[in-house]
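The values are calculated or read from the model by the stated rules, or taken from the named source; none is laboratory data. Not measured: the values here are computed from a predicted model. Because the Cβ atoms are built from the backbone with ideal geometry, glycine has one as well, and the counts that use them run over all protein chains shown.
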Amino acid sequence: MVTSTTATQTLTFAHSPDPDDAYMFYGFAAGAVKIPGYEVKHHLEDIQTLNERALRGEFEITAVSAHAYAHLTDRYWVLSCGASVGRRYGPILVAPERPHDFHLRTGRIAIPGKWTTAALALDLWLAEKGRHVERIVIPFDQILDAVQKGIVDAGLIIHEGQLTYHQLGLHKLWDAGEWWHQKTGLPLPLGLDVVRSDLGVPLAKQISQALRESIHYANAHPEEAMEYALKFGRGLDMALGKRFVGMYVNEDTLAQGQEVQEGLRKLYDLAHLGKLIPQNPQLTFI
């Protein structure tokens, strides 16, 4: 909830401990972007935990998976900036075997969370292929290790693991973003920043504008912003860090255009048709 201090109120912005989210928050972290009358603090947790806490409405502003938002429309509105969008790239399925050696009919796949968009896209793809495999939830930053050690047969990778899996001798079996593009011709919205609707439209619009200003500030101060973001990069060097941030902080992040919103609606259409979400949600963008 909004909490009071002696002079201001505090808004909590929850996001993943990842370079792209940290980069977007840099304008706030640097003290360059403010919301009059409010102090903006950030709270860091993995995306699956944030999805679960959003179901309880715990944070005023939070990053959530697009999948999870299908269950949150009574509590949150979608900010028109801050989205993580894949255009012919996205979560990937990796395994020690090459694609032609891997059999989907058997085996166990690690997923980074029940409510992640990666898991939803995987379910849609597996249903399309008529495959039924065991899914095991493992924290996203432990999946590559689990695949390497043979704890699971394959792993669904999000965040910076999309760029580093090959360093571990693993092979890409499937790319959700490429599959989605071939299927729909649309971008794949993966993560959203949302604002709790009980704050009201005027404050929600202020928050949306402030987040956009924070991203602009990071873009105007790229070296400082990347240095800050790489604190959350789990070993990424500057080159890979820039590449990863560029994948998920871009023009789609600054302003969700009609194409991105169509991609989100298409995702929900297919998920509802496949009985993977309980309803086809009505979307409110701020």
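Mind checking which pairs have a first residue in region 230-257 that is within 11 Å of Thr164 (Cβ to Cβ) and a second that is part of a loop (DSSP other than H, G, I, E, B) and among the acidic types (Asp, Glu), Cβ under 7 Å, 6 or more apart or different chains?
Pairs found: Gly233/Glu160; Arg234/Glu160; Leu236/Glu160; Phe244/Glu160.
Of the residues in region 186-230, how many are among the basic types (Lys, Arg) and either crowded, with 21+ Cβ neighbours inside 10 Å or over 28 Å from Pro36 (Cβ atoms) (or both)?
Final tally of qualifying residues: 1.
Filter region 59-88 down to residues that are in a loop (DSSP other than H, G, I, E, B) and either crowded, with 18+ Cβ neighbours inside 10 Å or under 16 Å from the mean Cα position of the chain (by Cα) (or both), then give me how many there are.
Number satisfying all stated conditions: 12.
Sort out which residues of region 44-58 are crowded, with 24+ Cβ neighbours inside 10 Å and closer than 12 Å to Phe13 by Cα, and write them in order of number.
Listed by number, the residues that qualify are Leu50, Ala54.
Out of the residues in region 178-207 that are under 18 Å from the mean Cα position of the chain (by Cα) and in a loop (DSSP other than H, G, I, E, B), state the one that is farthest from Thr10 (Cα to Cα).
Leu186
Can you tell me which residues in region 133-176 are on the phi > 0 side of the Ramachandran plot and buried (at least 21 other Cβ atoms within 10 Å of the Cβ)?
Result: His159, single match.
Test Asp175 against the criterion of being free of Cβ contacts under 8 Å to residues at least 60 places away in the same chain and within 22 Å of the chain's Cα centre (by Cα), and give yes or no.
The answer is no for Asp175.
Anything in region 56-88 that is without any contact (Cβ under 8 Å) to a residue 60 or more places away in the chain and of a type outside the set (D, E, K, R)? List them, or say none.
The one that is without any contact (Cβ under 8 Å) to a residue 60 or more places away in the chain and of a type outside the set (D, E, K, R): Ala68.
One residue is enough: does region 24-44 have a residue meeting the conditions outside any strand (DSSP E or B), in contact (Cβ under 8 Å) with a residue 60 or more places away in the chain, within 12 Å of the chain's Cα centre (by Cα) and closer than 25 Å to Pro91 by Cβ?
no
For region 133-149, check the following and say yes or no: at least one residue is out of contact with any Leu (no Cβ under 6 Å at 6 or more places or on another chain), closer than 15 Å to Asp20 by Cβ, at pLDDT below 95 and assigned to a helix (DSSP H, G or I).
Yes, region 133-149 contains a residue that is out of contact with any Leu (no Cβ under 6 Å at 6 or more places or on another chain), closer than 15 Å to Asp20 by Cβ, at pLDDT below 95 and assigned to a helix (DSSP H, G or I).
Determine whether Val137 is in the same structural domain as Asp198 (by TED's automatic domain parsing) and either under 25 Å from Asp193 (Cα atoms) or among the acidic types (Asp, Glu) (or both).
The answer is no for Val137.
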